[in-house]
Amino acid sequence: MKEILLILLLQLIYVPIYTLRTIFLVKNITILASILGIAEMLIYVFGLSLVFGGDQSILAMVVYAVGFGIGIIFGTKIEQKLAIGFINVTVNTQTKNEHLVDTLRNNGFGVTLYTGEGRDSNRYRMEILTKRNREQELIATVEKFEPKAFIISYEPRYFKGGFLLDRLKNNQAE
């Protein structure tokens, strides 16, 4: 029974590490991804040796698979808590809400405002680049001032220059 619990524990450690390593690779954080890869492989080989080394019981194999599934949930939760990287949020409104724009800017968000022609009237689009860990704060602020706003959030793959990057460089120099 101790061996079965160890297999489950190993999977609950292995899969979140696997998930984070994959995310770090996608975000080009290669050194950390490499370190996690080493730990991942050690746990993987040790776990498989437990499953296939003894009597190869069906229970051990099932626990290994269940641990993998539960580990995916843990890995996803950990990644959401870390919120590594940036997001770009596009906010479309029917009014030019300068109070919202000022509030966002005063809270450290860089906002670019565009005016466009809708079918019946002008529409206003805000482009906001921010760290992922501030996404919920940003959306809550927008919804407070513009409950009917159309909001789209996505992760940019490449960006250069601008308000946010300049501010990040200045913060690192301090």
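The values are calculated or read from the model by the stated rules, or taken from the named source; none is laboratory data. Not measured: the values here are computed from a predicted model. Backbone-built Cβ (ideal geometry, glycine too); neighbour counts: all protein chains shown.
Scanning region 28-47 for residues that are part of a helix (DSSP H, G or I), of a type outside the set (Gly, Ala, Ser) and surrounded by fewer than 16 Cβ atoms within 10 Å (Cβ to Cβ) returns Thr30, Ile31, Leu32, Ile35, Ile38, Met41, Leu42, Val45, Phe46. Being within 21 Å of Val66 (Cα to Cα) and modelled with pLDDT of 90 or more holds for only one residue in Ile35, Ile17, and it is Ile17. Scanning region 114-139 for residues that are farther than 14 Å from Phe150 by Cα and among the hydroxyl-bearing types (Ser, Thr, Tyr) yields Tyr114, Thr115, Ser121, Thr130.
If you filter region 115-130 down to residues that are part of a strand (DSSP E or B) and either surrounded by 16 or more Cβ atoms within 10 Å (Cβ to Cβ) or among the small types (Gly, Ala, Ser) (or both), you find that the one that is nearest to the chain's Cα centre (by Cα) is Thr130.
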